[in-house]
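The structure appears below as structure tokens.
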Amino acid sequence: MQRLENIDLNLLLLLHWLLEEHNVTLAAKRLGISQPAASRGLQRLRKEFSDELLVRSGRGYVLSRLANSIREDLAKAFQHLRVVTHMEDVFTPVNFNESVVIACNDYLSSICTEAWIDSVAPYAPNIRSSWRPIDNTVIDGLVSGQIDFAILPKAAQANVSKTTLTQDMVVKPLLQDKFVLFGGPSNLTLQADKVSLEAIANADHILVSPHGEGLGFVDEALAKQNLKRRIVHRTASFNHAAQLAVRTGNLTVLPKRLALLTPNNIFRSLPFKAEVLHCDIIWHVSRTGDKAHAWVRHQLQAFFDS
């Protein structure tokens, strides 16, 4: 066992709840973390103590002899810490009963909703979400506190305000996504395991463009081979493009995370190296120390890191 100064005290708090609950899932809920994170913590604790601590018995766990011997002392230690640090003021997800306002585009609202349902809502049953579109009032909303945080592709950040992001904003990477060729079940081009540039050029396409005009990186790749595609629909929305592709049988290019969420999907890798979509989470510096705010950010980040 290491010296106390070298031990992650969060692990000891996890150990405390594991010994009290005899259950990894319940201990995770006590701490507002995911069950896989608690399981990884238990593995680290077993290594630190050179002991099983929780021993599988039927459908549950029983405490090892060592775990039984330290359970009461550990509980008393954390009770003293609660008195010293006024733990009643610390954020507890299960008791949180407010709304969190998130600004993002339709594609990000779709995939971040999955993250919310998986990693936020189960641990904070009374929490509420409010999703807002991106417009030029986002920065003002973050400053005033009317918006808790914004989630934006890097390429779109210069357009969220008449001024650029200021030093009062915290900008952190949240997720990456790669682009794929997407079509509905009737799309013949995607029946092949690999799709060539020639096949792409011979298909009808849906182009996603912020202003409904211009060309995209697919057109640039085709032009290098003296090829050109036929664009039959233009839209500013990835979600709309997905719906059109499923209904019409046309090809489009979508972020892979969205393609995976779309019913009746067929998608294939692009036959050329394409840009990667980088998305950041942005909040006003005044919210950095807000425990509830920090917990939601952490849960979303953990989902996309998993």
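Every number in this text was worked out from the coordinates using simple rules, so none of it is lab data. None of the values given here were measured: they were computed from a predicted structure. Because the Cβ atoms are built from the backbone with ideal geometry, glycine has one as well, and the counts that use them run over all protein chains shown.
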Inset, instruction - Using Cα positions and a limit of under 19 Å, work out the aspartates and glutamates in reach of residue 228, with same-chain residues fewer than 8 apart set aside. - result: 198, 204, 213, 219, 220
Legend entry - Backbone HN-Hα couplings from phi across region 16-33 [Karplus 6.51/-1.76/1.60, Hz, Gly and Pro as x]: 3, 6, 5, 6, 7, 8, 6, 7, 5, 5, 5, 5, 4, 5, 4, 9, x, 10
Legend entry - Listed residue pairs exceeding 22 Å between alpha carbons, taken from 29/291; 29/154; 178/291: 29/154; 178/291
Legend entry - Pairwise centroid distance, computed over Cα atoms, of region 34-73 with region 188-222, Å: 53 Å
Legend entry - Mean Cβ count within 10 Å, highest first, over the residues of peptides 239-248, 221-230, 9-18: 239-248, 9-18, 221-230
Legend entry - the chain: relative contact order as a whole-number percent, Cα under 8 Å and 6+ apart: 20 percent
Legend entry - region 4-89 - Debye-derived log10 I(q)/I(0), Cα point model, q = 0.13, 0.15 Å⁻¹: -0.40, -0.54
Inset, instruction - Pop the C-beta distance of residue 131 and residue 57 into the FRET formula with R0 = 51 Å and round what comes out to the nearest 0.05. - result: 0.70
Inset, instruction - Using the structure shown, list the pairs from 172/194; 172/224; 172/256; 172/273 with a Cα-Cα distance above 30 Å, or answer none. - result: 172/194; 172/224
Legend entry - For the chain, calculated [θ]222 nm from helices alone, where every DSSP H run of n ≥ 4 adds -39500 (n - 2.57): -12000 deg cm²/dmol
Inset, instruction - Would you mind telling me the antiparallel percentage of the DSSP bridges in the chain, rounded to 5? - result: 65 percent
Legend entry - Longest DSSP-loop-exposure-free segment, GluC sites (Glu not before Pro), the chain, at most 11 other Cβ within 10 Å: 99-212
Legend entry - Pair-distance profile P(r), taking every C-alpha pair of the chain, with 10 angstrom steps and integer %: 5, 22, 24, 20, 16, 9, 3, 0
